[in-house]
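Here's the structure we're looking at; comments come further down.
Just so it is clear, none of the values below were taken in a lab; they were calculated from the coordinates. None of these values were measured; they are calculated from a predicted model. Ideal geometry is used to build each Cβ from the backbone, glycine not excepted, and the neighbour counts take in all protein chains shown.
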Amino acid sequence: MKKTFLTGMAGVALGSAIWSCAPTAKTPPTANTTTETPAATQPAAPDWRTQADAFLQQYSTQYQRLYTQSAEAEWRSNTHIVPGDTTNAAATARANQAMAAFTGSTENITRLRELLEHQADLSELQVKQLKAALYNAANSPQTIADVVTRRIKAETAQVEKLYGFDYKYQGKSVTTNDIDEVLRKEKNPTKRQAAWEASKAIGPTLKEGLLNLRGLRNETVKALGYPDYFTYQASDYGLTREEMMQLVRQINDELRPLYRELHTYARYELAKKYGQKQVPDYLPAHWLPNRWGQDWSAMVDVKGLNLDAVLAKKGAEWQVKQAERFYQSLGFAALPSSFYEKSSLYPLPAGANYKKNNHASAWHMDLENDVRSLMSVEPNTEWYETTHHELGHIYYYMSYTNPEVPVLLRSGANRAYHEAMGSLMGLAATQKPFLVGLDLVPASAKTDQTQTLLKEALNYVTFLPFASGVMSEWENSFYAENLPPDQLNAKWWELVKKYQGITPPTTRGENFLDPATKTHINDDPAQYYDYALSYVILFQLHDHIAKKILKQDPHATNYYGSKEVGAFLNDIMRPGASKDWRTVLKEKTDEDLSARAMVDYFQPLMAYLKEQNKGRKYTM
Ligand code: X8Z
Ligand code: ZN
């Protein structure tokens, strides 16, 4: 549920040529037409700028009002889930429907198209807003109001099932935090397998709903000319589906040699750890410290740098406050008091008679100053990073909430930027000089740089085959290639084997639906490449910050207190979507989007891993 109130609704369709009446740049009325007709008798040309302004003003006011009502209802639906209670669901469906009826109204679509036919007469900022509104319209065209209504209901129901699920491990109800802890720490493979299987038990519950949603999502966007929902989401970057897939495949290819080393290393090390004589060709899914094998960093403890132990002593609240202090040290404002009053930051008390969304998210409730986060923070490294990630969204919201950025453009330069900011801060907040500077680690601590880099690679590099490989390929196939309902799980595991080199502990037939255990598949559809791109961008930004601003080694930085770093990040965030994302990257880093910085960062690890893997069998 990251995007609904984050970037999805206010995204900008850049250069979308797929509209049936694609707005083409028209030449303005030329002088020679006026010479033929006497000025006095010529009808006054409508002033398109004035008209667009009038339209945008009333549209934005209405949009913001409905958006806020929808966000409030969704907030309630995601923080107070009572299975069987239909009150929240009904209120959320009502609010979302009012929003859909407005953004997708035929009247608005007609007017938007009409104004965009005159885009040559409009300002760039006006064109961007009109395109953003048209992009939003495609998500809920009222020409097919019944489909949109069914989709809204189905989405609300799916979210309720997803976060109302009662996970059971060893006969007891557990949270996803509990399962994650077992997967990070348990050494007994049988128990690990039981925990892993417990985390997948939700899949079948979501199958019917997901198949229904695929149809409804595809049908919705088709009405405005997009062939499928994946294409629609990719168009938010100004890319076709094929271009997006090509981009993520290329990123994956660039990181593949390093991933291959990590994969070989992990197979041998984990076999040792779990006392297995036979080293498997593929990694058993339940051996990895994460439900989807997307982050393996808990595999390695760096001596002298035990962040988990430090955080356990500090507590969950300290983590949130510390993340805020870090942003403040760069020159950002304190969070508004309403953030702390209205957010839902910690796990529910044991015995609560309701549940909440167990996945972290950040919300821009009113597109003004009401910003909130929904998390279940516990004191450990994973939540420490996630807290920095979510505050990245929050500071992005606060940064583009300014008079220069119209409501319709209050979103990231693109969706990946929004994901990159906080993840960048999460990386910075784990580097040794930063931790030493804050007295979290003694300056005298001797730590092994290679082990540190290895731990980072097990976090950031292992993520890419999952995000750009498995998730993106599966959703592309699901939405755009009409993956048959009896091949959903088979396709998933085919991709997991191919990209991640992971296999399940036992055969996973179509009675399971393992992709649906990933929350984004249900409530943030066809956008997971955002995260793959965000990692690439974050290393580009980090590389620039370390080398050009701080003049420090990218592997050992301390951003804390640097107003210059703060200004650099704020410059990127402040314009929101009013500036083209490619231009932003080029201007700020002097580079185009590329995995160059990420590959460079981890390059020193290659030699070490090759040495460790000498004589070992490579299987990918
Ligand atoms: O979903 C998220 C954020 C949402 S705001 C917590 N992330 C991805 C995931 O958990 O799968 C962050 C990185 C990857
Ligand atoms: Zn996020």
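For this structure, a couple of remarks:
- Within the range 337-358, restricting attention to residues that are in contact with a Lys or Arg (Cβ under 8 Å, 6 or more places away or on another chain) and under 13 Å from TRP75 (Cα atoms), the residue that is surrounded by the fewest Cβ atoms within 10 Å (Cβ to Cβ) is LYS342.
- Flag for GLU456 being in contact (Cβ under 8 Å) with a residue 60 or more places away in the chain and closer than 19 Å to ASP571 by Cα: no
- Of everything listed in (1) within 16 Å of ligand 1 (Cβ to nearest atom); (2) buried (at least 23 other Cβ atoms within 10 Å of the Cβ); (3) of a type outside the set (D, E, K, R), the single unmet condition for TYR479 is (1).
- Qualifying residue in the range 594-612 (condition: more than 27 Å from LEU438 (Cβ to Cβ), surrounded by 15 or more Cβ atoms within 10 Å (Cβ to Cβ) and either free of Cβ contacts under 8 Å to residues at least 40 places away in the same chain or under 21 Å from the mean Cα position of the chain (by Cα) (or both)): yes
- Filtered by the rule that a residue be over 25 Å from PHE602 (Cα atoms) and either hydrophobic (A, V, I, L, M, F, W, C) or not in a helix (DSSP H, G or I) (or both), the range 228-277 gives ASP228, PHE230, ALA234, ASP236, TYR237, GLY238, LEU239, THR240, TYR274, GLY275, GLN276, LYS277.
- Residue in the range 478-490 that is of a type outside the set (Lys, Arg), in contact with a Pro (Cβ under 6 Å, 6 or more places away or on another chain), more than 16 Å from ligand 2 (Cβ to nearest atom) and more than 30 Å from SER562 (Cβ to Cβ) present: no
This table checks each residue for (1) surrounded by 13 or more Cβ atoms within 10 Å (Cβ to Cβ); (2) basic (Lys, Arg); (3) without any contact (Cβ under 8 Å) to a residue 24 or more places away in the chain.
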{"position": "ASP47", "(1), (2), (3)": "no, no, yes"}
{"position": "THR50", "(1), (2), (3)": "no, no, yes"}
{"position": "GLN64", "(1), (2), (3)": "yes, no, no"}
{"position": "THR68", "(1), (2), (3)": "yes, no, no"}
{"position": "ARG76", "(1), (2), (3)": "yes, yes, yes"}
{"position": "HIS80", "(1), (2), (3)": "yes, no, no"}
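- For the range 284-300, a residue qualifies if it is more than 17 Å from GLY469 (Cβ to Cβ) and not in a helix (DSSP H, G or I), and the qualifying residues are PRO284, PRO289, VAL300.
- Taken over the range 471-485, the residue count meeting the criterion of being within 15 Å of MET244 (Cβ to Cβ) and in a helix (DSSP H, G or I) is 10.
- Search result, residues across the range 408-425 that are over 21 Å from LEU56 (Cα atoms) and either surrounded by fewer than 24 Cβ atoms within 10 Å (Cβ to Cβ) or in contact with a helix residue (DSSP H, G or I) (Cβ under 6 Å, 6 or more places away or on another chain) (or both): ASN414, ARG415, ALA416, HIS418, GLU419, ALA420, MET421, GLY422, SER423, LEU424, MET425
- Residue pairs whose Cβ atoms lie under 9 Å apart, separated by 6 or more positions or on different chains, with the first residue in the range 357-381 and within 14 Å of ligand 1 (Cβ to nearest atom) and the second aromatic (Phe, Trp, Tyr) and assigned to a strand (DSSP E or B), are VAL371/TRP363; ARG372/TRP363; SER373/TRP363; LEU374/TRP363.
- Residue among LEU162, LEU134, LEU116, LEU112 that alone is surrounded by 19 or more Cβ atoms within 10 Å (Cβ to Cβ) and either closer than 30 Å to LYS355 by Cβ or under 22 Å from the mean Cα position of the chain (by Cα) (or both): LEU162
- The residue of the range 408-447 that is nearest to VAL461 (Cα to Cα), among those that are in a helix (DSSP H, G or I), more than 16 Å from ligand 2 (Cβ to nearest atom) and under 21 Å from the mean Cα position of the chain (by Cα), is ALA428.
- Criterion applied to TYR346, TYR327, TYR340 was being hydroxyl-bearing (Ser, Thr, Tyr), within 16 Å of ligand 2 (Cβ to nearest atom) and either assigned to a strand (DSSP E or B) or within 24 Å of the chain's Cα centre (by Cα) (or both), and the one residue passing it is TYR327.
- Against the test of being under 19 Å from LEU258 (Cβ atoms) and away from ligand 1 (no atom under 16 Å from the Cβ), the options LEU454, LEU440 yield a single qualifying residue, LEU454.
- Residues of the range 83-109 classified as surrounded by 17 or more Cβ atoms within 10 Å (Cβ to Cβ) and either part of a loop (DSSP other than H, G, I, E, B) or touching a strand residue (DSSP E or B) at 6+ places or on another chain (Cβ under 8 Å) (or both), total: 3
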